[in-house]
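Data block below; observations after.
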Amino acid sequence: MTQEFDLAASLARGVESRSDAWSFVQGFAAHWAGALESGDGWTRADLDAAEERLGLRLPVAMREAYLLFGRRKELTSNHDVLLSPAELYVDDAEEALVFRHENQGAASWGILLDSLQDDDPAVFVRLDLADKSAERWEDWLERVSLCFVEIVLSESLHAGAELCDFLDPDDDSIELLEASSVRLPFPAYPPGEEANGTRWFLGQDVLLRDDDGMAVLARGRTVEDLDRVRDLIPGEWLNDCR
C-alpha cells in the first residue's frame, strides 16, 4: 500500500456505495494506471443515442461509469471487453441488456431488462454453452457500481507481461498467498461461492486474485514489486524470465 492511496480502505468504502465506488476507481487509476482526465468517458450524447436506438433507459450507475471512464480501455478492456454505447444490445431472448463480453466469447455480462429502472441494479452473467437451451442468466454481482469496481481490478491484472503474471498454484502457493498478503474487502462472487469463489488480496504494492485455487493472478505497481511477490510465492510464474 502507498501513503497516497490506501487501496484496502478505499475499496472497503467503494463496495458500500455508488459514489464511493467511483472515488475508488479514481484513486486506483491515479496510482496504478494514470489519473482520470476529461475525455476518458463517453459523452451524454453518446449515451442518449444508445438509449434512443435501444428504446430503453440505461441505469444511473451505468451512465455514471461510462461518463467517468468508459473510454479508458486499459481500465475496462485489457482482457474482457466493455462494449461502447453504440455496441450495447439486448440479447436474443430479450431478457437482458448486454454490456460486456469475455475476450473469447465464452461469457457475457448483462442487466435484466425488468431491473433497468433501478439506479444501481444487479449484474448477471451468461456462459456460452454448446447446449444453447441450457444457457441462462446467473447471478454475478448485486450492483452495477460493484461490477465496475471488479472490472477495473480484473482488467488491471492484464496490463502487460512486465507488470502482470499468472501462477498455476498448489496448496502451498495458496497458503503463502494468504500469509504474505491481506485479504481485500470485496464480497465473494458469484453469490453462493463464499468458500470457493474469487478472492482478492493486497501485498506490498501488489494486487492479487485467487480464482478458487485454480489460478493466481498478480499485478505489481512496478517490476520490482512483481518480482517480490514471485519470491514470496515460488512457483512456475508464466512471465518470469529472471
message = Being aromatic (Phe, Trp, Tyr) and touching a Phe, Trp or Tyr at 6+ places or on another chain (Cβ under 8 Å) is the requirement here; does PHE124 meet it?
response = yes
key: the stretch 186-213 - residue that is in contact (Cβ under 8 Å) with a residue 40 or more places away in the chain and of a type in the set (A, V, I, L, M, F, W, C) and, of those, surrounded by the most Cβ atoms within 10 Å (Cβ to Cβ)   = LEU207
task = Run LEU47 past the list (1) in contact (Cβ under 8 Å) with a residue 12 or more places away in the chain; (2) farther than 25 Å from PRO85 by Cβ; (3) not basic (Lys, Arg) and report the number of the one that doesn't hold.
result = (2)
key: Scan of the stretch 4-53 for residues that are surrounded by 19 or more Cβ atoms within 10 Å (Cβ to Cβ) and among the aromatic types (Phe, Trp, Tyr), ordered by number   = TRP22, PHE24, PHE28, TRP32, TRP42
query = Just one of ARG183, ARG228, ARG242 is over 18 Å from the mean Cα position of the chain (by Cα), modelled with pLDDT of 95 or more, surrounded by fewer than 20 Cβ atoms within 10 Å (Cβ to Cβ) and not aromatic (Phe, Trp, Tyr); which is it?
reply = ARG228
message = Being closer than 17 Å to ASP172 by Cβ and among the small types (Gly, Ala, Ser) is the filter here; which residues of the stretch 197-242 pass it?
response = GLY203, GLY213, ALA215, ALA218, GLY235
query = Here are some conditions: (1) touching a Phe, Trp or Tyr at 6+ places or on another chain (Cβ under 8 Å); (2) not in a strand (DSSP E or B). VAL98 meets all but one. Which one does it not meet?
reply = (2)
task = For the stretch 54-77, name all the residues that are over 18 Å from GLU150 (Cβ atoms) and surrounded by fewer than 20 Cβ atoms within 10 Å (Cβ to Cβ).
result = LEU54, GLY55, LEU56, ARG57, VAL60, LEU67, ARG71
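The values are calculated or read from the model by the stated rules, or taken from the named source; none is laboratory data. Fair warning: this is a prediction, and the values are worked out from it, not measured in the lab. All Cβ positions, glycine included, derive from the backbone under ideal geometry; neighbour counts span all protein chains shown.
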